[in-house]
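Notes follow once the structure below has been shown.
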Amino acid sequence: MRDVCRLLKLAWPYRAWLVAALGLSLVTLLANVGLLALSGWFIAAMALAGISGIPINYHYPAAGIRALAILRTLGRYAERVVSHQASLRLLAGLRVWIFRRVEPLAPARLEGYASGDLLSRIRADIDCLDTFYLRLLAPVLTALFACLLFILFLWHFSFAVALATALLLLLAGGFLPLAVHLLGRKPGARVTRTSSELRTAVVDGLRGMEELLAYDAAGRQKERVEELNRRLLADQARLAGLAGISAGGVGLCSGLALWLSLVISIPLVRAGSMSGPQMVMLGLFCQAAFEAVLPLPPAFLLLGQTLAAARRIFSLVDEPPAVSEPQKPSPLPANAAISLRGVGFSYGDGVATLEGIDLELSPGRKVAVVGVSGAGKSTLLALLLRFREYDSGSIILAGREIREYDGEDVRRLLAVAGQQPFLFNATLRENLLIARPGAVEEEMVAAARMAGIHDEIAALAQGYDTPAGEGGVKLSGGQVRRLAIARAILKNAPILILDEATSSLDTESERIVQAALEKLMQGRTTICIAHRLSTVQRADLIVVLDKGRIVETGTHAELLRSGRVYTKLYELQFEQPAA
Amino acid sequence: MSTKAPEIPSPEQRLNLLKNRVKPTLALAVGLGIAGGFVLIAQALIVAGLVHRVMVNGAGYREVLPQLLRLPPLMLVRAALSWASERVAFAASALIRQEVRNDLFQRLLDAGPLRLKGDRAGEVATVIVDGVEALEGYYSRYLPHLAVMAMVPLSILAAVVPADWISAGIMLFTAPFIPFFTILIGRGAERLNQRQWQSLARLGGYFLDRVNGLATLRMFNASRREAGMIARISDDYRLATMSVLYVAFLSALVLEFFATVSVALMAVIIGFRLLKGGMAFQDGFTVLLLAPEFYLPLRLMGNYYHARMEAIGAAERIFSMLDTPVAPRPLAPCPLPAITPLRICFEDVSFRYTPDSAPAIDGVTLSLTSGERVALVGPSGAGKSTLAALLLCFALPEQGRVMVNGVDLAQCDPDQWRRLVAWVPQRPHIFHGTMRDNIRLGRRDAADPDILRAAGLARCEEFIARLPQGLDTVIGEQGAGLSGGQARRIALARVFLKDSPLIITDEPTAGLDARSEAMVRESLNELARGRAVLSIAHRLATLEDADRVVVMNEGRIVEQGGYEELKGAGGLFARMAAAGEGP
């Protein structure tokens, strides 16, 4: 119920649209029921008048029939237009709302959601929420209002008919949807789960095809896909059966309403307390009234799914960000000197990922952080970028604790060329300009040239307008890294962070990238994170991290002389005794 | 299906061909639907007769009781028929979807890994899962409804003609307008609609893409700006969609107009004829009861049209995937010769990925025997991975032969051959499942001690021990939660477990830190003893273990020899070494 309340609250800004859609669908429904009932009354009354010869005013009813027919037609059109407007506005609002709520969670809190499949679930969930308003909320409210009006109308003519119809409406619009919801919950949940398992099995089968073939396991994977497929369809068949029963059930109730109204009216007509045309009108009215509850059972079949989607979204947006921003942030610091004193951090698993880190990043200094994977290098970076909050010690930026500044202000000082740069589904130009949207063409080209990527971009048929990302041009690992470096250059921040900027590149790419970096590092504070040592030998200071602690500091020459961890790393990598 | 027909059938024609697989089931669904229509007519005739007798003849319960009692069973039968028809139609669509989905997956397996480079897997999975799902409405609703739509209004018309031929005339006159306008307006809307669906997909993709890249956006302080962009794009999308929908809904408006106004018109005309005594009330009432039902299937047509559109949209992608050419296989494979010791020979092998592309492998001759370690080096795109793919039978040479102990590999059963090969690709795939199952891919019946031994040799025992449930830990989708180095070590563990005479590795130690790399190389050295090893290297540092280094460039072998020998030879290798390692 709390989830339903939150969903309603989300729709509040769009209430005018939703109410308009509701009103129009109510008008359309009433016009249709009225049309059938009035037509029935009209031909019955005309027939009686024809037989008895008593004159009848046929102008109003005949005009009424035509008016209702046109009202229904136009009402339906208007209702469709307005409800789609409402839905699209809501959807846009929901997307922006979710994006704004998820934005502060990245990247620390989203790591559990790293795989694309989970993210596309978010998208499916948003669409699912949209059906809550259009296919659930609106029909339920329309049915509620309409049924109330229908029963009041019938009551005016016959209490018994009103009561019988009310009970049948309750059966078709209350009991049936509830039963369908309860019976459909389990197969519905299974359908969601199975189809996601099926997707995983298919992706596994395609991404891992080389291994499956090489290890003679393709047949087993195929069996698994077939089994999941069979299970998915079996549960869908259950749901389709429920939908069939509910549709047949509503039709049956509508027929029985007509029948009961006839059974009740026949003696009344014979006794003269009800006119024949009234009997015809009531019968047709009762039958048509069920159009109001027709969409309810299929809607309730979706209820479980919709609420599950809502819960997933709410639990995501409710996560607290890893870093809380200060209420009154200090102004952007003028200089970018950072010093770390006794900084410690733990992911909460009882293991200190970083412990007692002391480091001076004075302007212009080049500091390299090396160590095996898992030593805490990337965590250190996340702390500097304000993606994670340190647990102990202090990080001082321009004389103040770093958490007193707005995170965005801190990141203005840092340009990162990362380990796994992300390319958006946009042109290369747009991908570069993310670093500085206001940059002019010349600045962008200069940055690309400096990163050694300009010539390759210019050689593409569409140049900087070539689409990149998933659907775009395929770039090699080295090209992507160099694009990331061009971004960092374009950002032109006082502190440069190179996170494994050249690892896993082939020798040729590595050489080009390294040359670009050398140029870029001139005059900038640089933090270079690496587990390969070839790139760090020229640093002013090398810090060796091991299991979250700084175990050695010094220049390349000093560290080699000391003959400890760094020397061992060095020897392992170059397989030669350190001279 | 693999032969090229001169005329390519449209997706809808092919959807229709699929229908043949479930013809009897679909026919049953249609029969049940039409039977429902007959029951409906019977019901209307009874109600009209009954009401006539009560109202006009002053009859009471006693006179109309038989008719009154006949109604509830008829209503029950009608509900049962509608339920049964829906179930049967669903069964037909389920069968087709099941077969199409299985066929698609099998087809992609048959096509082999080279047709489908990993990045497209998500997209293809969407077609197999959601695309096939979109066929549902076509078989369970659109096709049965087409038949019902033809039959039920005709039956109603037949029932109306004896009651009132004027109304029958109105029905006959107005009915054709409905499909006519549906198609006329639908045609235009179809194109617009399709464009709209595409832009919807683009918008969804945009949103997802930005969420995926949130960390990057935040790094450049661009995330708040992007929220504004999402709002703006959504708004643009809404305006564009609505401008299409205003028109598209017009077709529905015309449908409604004809259906509703015709019923109203009939009611008014019948009323006046009743007033003048020109017809019996019973007949007039029968017509009024049946008229909305006459138009209902025609009106519903609009809804099912949507199901059709969706299916056709999906069908294009499904059929183009079903048409993927399969990798050739020998019809009657030769048995493999005895393989100890193994002697592999590439004899003047050439290969191209597509007929009009440059050769990826161009006249390569190369030999490899048990106990020998050959390293392939060269710039990216030189053909190293393609050579490995040919050796794994993922593709067959266009020219030349790959001989194994004197037998042409193209004549052998690829599955049988691959049982002798262990393979570590450049980006190993980790399957959703337990750690045990992932390693056991190497040998299905391996017991835990063997698995742990292999894990130890691949240097994974340490991080496996740290996992919450050890070997039973379920690894996330696409190896979520594992680093690249860990995934590679799991792939290595498979190799250690498989114990095969030929080992092919594509840069097995990339992404490992120096310590792990040294350990893994040591294990590989042990494993290599007595086996044939072909290893692809991107970095020269890993070459020293090789007996022979083969340097490739642009699909050809340009140099081969020992590491030191090549370094001094002054060729491509020497230049690469100089660029990479410094003095």
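We did not get these values from a lab; they are worked out from the coordinates using the rules stated. Computed from a predicted model, the values in this text were never measured in an experiment. All Cβ positions, even for glycine, are placed from backbone atoms using ideal geometry, and neighbour counts span all protein chains on display.
All other residues whose Cβ lies under 13 angstrom from that of B:Asp547 are scored, Lys and Arg at +1 and Asp and Glu at -1, for a net of -1. Distance between the pseudo-spin-label points of A:Glu111 and A:Met1 (7 Å out from Cα toward the beta carbon): 3.9 nm. Taken over the stretch A:261-348, the ratio of Cα radius of gyration to 2.2 N^0.38 Å equals 2.84.
Taking 0.36 nm per residue of separation and subtracting the current Cα-Cα distance, fully stretching the chain between B:Leu76 and B:Phe272 would add 67.0 nm. For a 27 Å ceiling on Cα separation, which of these pairs sit above it: B:Lys384/B:Lys567; A:Lys366/A:Lys568; A:Lys491/A:Lys568; A:Lys377/B:Lys498? Cα-Cα > 27 Å for A:Lys491/A:Lys568; A:Lys377/B:Lys498; rest within.
Based on C-alpha pairs under 8 angstrom that are at least 6 apart in sequence, the stretch A:419-492 has a relative contact order of 50 percent. For the stretch A:534-553, backbone nitrogen atoms closer than 14 Å to the point 7 Å from A:Glu518 Cα along Cα-to-C-beta are found at A:535-539. Inter-label distance, B:Arg453 to B:Arg515: 2.7 nm, where each label sits 7 Å from its Cα along the C-beta direction. Computed on the stretch A:2-317, with alpha-carbon pairs under 8 angstrom and 6+ residues apart, the relative contact order is 31 percent. Prolate is the label for the stretch A:2-317, because the ratio a/c of its alpha-carbon gyration tensor axes (a ≥ b ≥ c) is 1.5 or higher and a/b is greater than b/c. Put the Cα centre of the stretch A:31-101 next to the Cα centre of the stretch B:147-166 and the gap is 25 Å. Averaging Cα coordinates gives a centre for the stretch A:174-252 and one for the stretch B:331-399; these two points are 42 Å apart. Reported to the nearest whole Å, the Cα centre-to-centre distance from the stretch B:407-468 to the stretch B:247-289 is 73. Taking every DSSP beta bridge that has both ends in the protein assembly as shown, the antiparallel portion is near 50%. In terms of its C-alpha gyration tensor, the stretch B:315-444 has a rounded overall shape, because the principal axis ratio a/c (a ≥ b ≥ c, square roots of the eigenvalues) stays below 1.5. Each 5 Å bin from zero holds the following percent of Cα-Cα pairs in the stretch A:412-454: 5, 19, 28, 32, 15, 1.
Span-like helix criteria (full DSSP H runs; alpha carbon extent of at least 15 Å along the helix axis; mean Kyte-Doolittle hydropathy of at least -0.5) are satisfied in chain B by B:23-55, B:61-111, B:143-163, B:177-212, B:223-275, B:281-322, B:484-498, B:514-528.
Under the classification rounded if a/c is under 1.5, otherwise prolate if a/b is larger than b/c and oblate if not, where does chain A fall, given a ≥ b ≥ c as square roots of the Cα gyration tensor eigenvalues? Cα axes put chain A in the prolate bin.
Ratio of Rg to Rh for the protein assembly as shown: 1.07 [Cα atoms; Kirkwood radius as inverse mean 1/r over pairs]. If R0 is 30 Å, the Cβ-Cβ spacing of B:Ser380 and B:Glu544 corresponds to a FRET efficiency of close to 0.90.
Computed from the alpha carbon atoms alone, the convex hull of the stretch A:419-492 holds 78 Å³ per residue.
With R₀ fixed at 25 Å, the C-beta to C-beta distance from B:Ile183 to A:Val81 puts the FRET efficiency at about 0.65. Extent of chain B along its three principal axes (Cα atoms, max minus min coordinate, largest first): 115, 59, 55 Å. Fully extending the segment from B:Ala465 to B:Leu420, taken as 0.36 nm per residue of separation minus the present Cα-Cα distance, adds 13.2 nm.
Working from Cα pairs under 8 Å separated by at least six residues, relative contact order for chain A is 14 percent.
Counting Cα-Cα pairs of the stretch B:12-322 in 10 Å increments starting at 0 gives whole-percent bin shares of 5, 19, 23, 21, 15, 9, 5, 2, 0. Applying 1/(1 + (r/R0)^6) with r as the Cβ-Cβ distance of B:Tyr353 and A:Lys568 and R0 = 45 angstrom yields a FRET efficiency of 0.50. With each label modelled as a point 7 angstrom along the Cα→C-beta vector, the B:Asp235-A:Leu170 pair spans 4.9 nm. Seen against the Cα atoms of chain A and their longest principal axis, helix A:507-521 is set at about 80 degrees.
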